[in-house]
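The values are calculated or read from the model by the stated rules, or taken from the named source; none is laboratory data. Owing to the predicted nature of the structure, the values given are computational and were not obtained by experimental measurement. As a convention, Cβ positions derive from the backbone with ideal geometry for all residues, glycine included, and neighbour counts pool all protein chains shown.
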Amino acid sequence: MTESDKILESLAERWPSEIVARKEIGKFTGGVLSSRTLANMDSKGTGIPERFLLANQVAYPVSAVIAWLKSRSAASWKDRKPA
């Protein structure tokens with residue numbers, strides 16, 4: 001498991017629910033990703049593919065968020081040189 005995988009898995013472990021509301025994605029990612037950015041990515045088809053409506057709010061399974069974040073962070077972590 002890579003360092004980025006460990007970090008992302010720790011996000012999932014600390015999150016108190018099995019879902020992440022789009023409006024809470026900033027809180028989930030520590031401010032790295034905003035709900036507005038994610039909404040734009042969803043509209044372009046580049047966002048988290050597993051989403052659903054719950055009480056008129058877009059939500060994502062935590063596992064899908066983590067998988068998507070891993071897929072987007074892999075390249076930058078692979079290219080990173082040790083300090």
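Just wondering, is there one or more residues in segment 26-38 that are more than 12 Å from the chain's Cα centre (by Cα) and either buried (at least 16 other Cβ atoms within 10 Å of the Cβ) or modelled with pLDDT under 95 (or both)? No, segment 26-38 has no match at all.
Each residue in segment 9-20 was checked for being loosely packed, with under 15 Cβ neighbours inside 10 Å and either touching a strand residue (DSSP E or B) at 6+ places or on another chain (Cβ under 7 Å) or closer than 18 Å to ALA55 by Cβ (or both), and 3 pass.
Within segment 39-56, the set of residues being of a type in the set (D, E, K, R), surrounded by 15 or more Cβ atoms within 10 Å (Cβ to Cβ) and over 19 Å from SER17 (Cα atoms) comprises ASP42 only.
Just one residue in the set LYS23, LYS6 is basic (Lys, Arg), exposed (fewer than 11 other Cβ atoms within 10 Å of the Cβ) and either farther than 13 Å from VAL65 by Cβ or touching a Lys or Arg at 6+ places or on another chain (Cβ under 9 Å) (or both); that residue is LYS6.
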